[in-house]
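A quick write-up on the structure given underneath.
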Amino acid sequence: MTGHYLDNAATTPVRAEAAQAAVKAMTEEWGNPSARHALGSRAAEQVKQWRGEVAAGLGCMPEEVVFTSCGTESDNWAIRAAAELGKRKGKHIITTAIEHAAVLEPCRALEREGYEVTYLQPDRSGNITARQVKEALRPDTILVSMMLVNNELGTILPVAETARVLKEAGSGALLHCDGVQGFLKVPFTPRQLGVDLLSISGHKIHAPKGIGAMYIRKGLKISPLIRGGGQENGLRSGTEATGQLAALAAAVTAGRATLERDLAAMADLKQYAMDRLKSAVPQGKVLVEGGAPHILPISLVGYKSEVVVRFLSDRGVYISSGSACHKGKPSHVYAALKLPKKEQDGALRLSFSYDTTREDIDALVEGLQAAQAQLFPSMS
Ligand code: PLP
């Protein structure tokens with residue numbers, strides 16, 4: 001790719017290790033893992049190994065990892081399955097107003113089926129507290145779903161503290177975490193977080209699109225997502241997408257190998273970007289500081305973000321206006337922050353990966369300077 005890609009929270013390029021692993025799985029070890037002959041058993045062995053690699057990345061047991069097709073599938077399944085499991089105990093769910101649509105939409109669907117959902121509101125910096133969970137908790141609460149890292153703001157949510165609140169209250173509610181933006185960006189294990197279910201997605205960590213996984217705590221029995229031939233321990237039938245699995249495992253293993261260095265480099269870049277914006281772009285405002293190292297929400301105050309995104313794109317600088325999943329619609333996350341309209345309208349998200357460089361940031365800063373000089377400020 002030519003240009004400067006600063007939209008890694010939307011998706012990441014597939015890294016060479018992952019692409020090579022996928023090609024090998026598709027052209028050499030391409031048997032059906034359920035087949036009884038040698039090609040099949042070799043493929044089954046590989047699946048076992050890949051599951052182990054993903055489990056090692058998560059810090060859990062291999063049997064606690066179920067492969068899915070994406071983060072959205074994992075989120076939907078977790079929420080549906082938890083609601084189903086708890087329905088005799090109650091129909092109250094707690095989540096946050098800043099979750100991804102992959103969590104909010106299944107919650108809304110459950111509301112239409114008679115469940116009650118409390119959406120915790122963030123403060124102006126995007127923070128949610130475990131105290132809010134405590135206050136919202138009821139005897140009939142059956143599920144709390146809280147993301148680890150917000151995809152638009154980079155804020156880290158208090159998942160471990162929430163687990164403690166649930167424990168102290170003696171609540172039987174399950175805890176689901178959308179770990180899509182947190183996996184390999186902030187260190188955690190599902191056990192440290194105290195979660196029952198946790199979703200991850202391949203394409204945010206340099207594996208291809210079309211592969212995700214769900215951590216399901218050992219001992220937790222949830223209903224299958226897809227019934228059929230009994231793959232994935234009977235929980236998600238369908239012949240394993242071995243090429244995708246291989247790539248996910250390779251991306252996790254490669255990501256883990258240099259994790260500390262990569263996280264430090266991203267944190268450094270984030271600071272560099274904040275410093276450069278503050279000194280070189282008068283209308284540029286950092287909306288939220290701190291949080292995960294790979295996401296920096298800013299605003300070009302007084303300018304329309306869609307126009308700025310297109311302007312930068314023409315110069316080969318790729319960023320996002322809020323979440324790419326909400327194309328065209330105003331962001332529910334910024335709306336929840338109650339930002340001044342001009343800041344909200346100009347909101348942009350920069351997101352980094354291990355291969356982002358200072359030159360990419362410099363190109364962005366130059367692009368924003370040019371945008372300020374050449375674009376008309378918005379009238380609203
Ligand atoms: N959850 C979060 C926090 C995300 O950022 C995304 C993708 O943007 C998803 C879920 C959905 O993941 P996928 O694109 O793999 O379906």
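Summary table below
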{"quantity": "Failed item in (1) in contact (Cβ under 8 Å) with a residue 12 or more places away in the chain; (2) within 16 Å of the ligand (Cβ to nearest atom), with R108 passing the rest", "calculated": "(1)"}
{"quantity": "Of all residues in segment 226-242 being open to solvent by 40 Å² or more (accessible area, probe 1.4 Å) and under 17 Å from E84 (Cα atoms), the one that is farthest from the ligand (Cβ to nearest atom)", "calculated": "R227"}
{"quantity": "From the options R256, R310, R276, residue that is basic (K, R), closer than 30 Å to Q374 by Cβ and in contact (Cβ under 8 Å) with a residue 60 or more places away in the chain", "calculated": "R276"}
{"quantity": "Residue selected from segment 12-21 under the condition part of a loop (DSSP other than H, G, I, E, B) and open to solvent by less than 40 Å² (accessible area, probe 1.4 Å), by the criterion farthest from the ligand (Cβ to nearest atom)", "calculated": "R15"}
{"quantity": "Unique match (being in the same structural domain as S199 (by TED's automatic domain parsing), hydroxyl-bearing (S, T, Y), at pLDDT 95 or above and more than 16 Å from the ligand (Cβ to nearest atom)) among T118, T95", "calculated": "T118"}
{"quantity": "Test: residue in segment 167-174 that is of a type in the set (D, E) and free of Cβ contacts under 8 Å to residues at least 40 places away in the same chain", "calculated": "yes"}
{"quantity": "Odd one out for A169, checked against (1) under 20 Å from the mean Cα position of the chain (by Cα); (2) surrounded by fewer than 23 Cβ atoms within 10 Å (Cβ to Cβ)", "calculated": "(1)"}
{"quantity": "Number of the exception - E240 against (1) within 27 Å of S351 (Cβ to Cβ); (2) touching a residue at least 60 places away in the same chain (Cβ under 8 Å)", "calculated": "(1)"}
{"quantity": "Residue identified as modelled with pLDDT under 95 and crowded, with 18+ Cβ neighbours inside 10 Å among K304, K270, K329", "calculated": "K304"}
{"quantity": "Any hit, segment 64-79, residues being free of Cβ contacts under 8 Å to residues at least 60 places away in the same chain and surrounded by fewer than 19 Cβ atoms within 10 Å (Cβ to Cβ)", "calculated": "no"}
{"quantity": "Index of the failed condition, A9 passing every other in (1) open to solvent by less than 20 Å² (accessible area, probe 1.4 Å); (2) farther than 30 Å from L269 by Cβ; (3) not in a helix (DSSP H, G or I)", "calculated": "(2)"}
{"quantity": "Per-region count, segment 226-242, residues charged (D, E, K, R), within 17 Å of W50 (Cα to Cα) and part of a loop (DSSP other than H, G, I, E, B)", "calculated": "1"}
{"quantity": "Wholly enclosed strands (runs of 3 or more DSSP E) of segment 138-225 bearing at least 2 residues within 11 Å of the ligand (Cβ to nearest atom)", "calculated": "174-178, 197-201, 212-216"}
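The values are calculated or read from the model by the stated rules, or taken from the named source; none is laboratory data. Small disclaimer: the values here were computed from a predicted structure and weren't measured. We place every Cβ from the backbone using ideal geometry, glycine too, and count neighbours over all the protein chains shown. Just the protein is used for accessible areas: all its heavy atoms, side chains included, with ligands, DNA and RNA removed. Shrake-Rupley method; radii C 1.70, N 1.55, O 1.52, S 1.80 Å.
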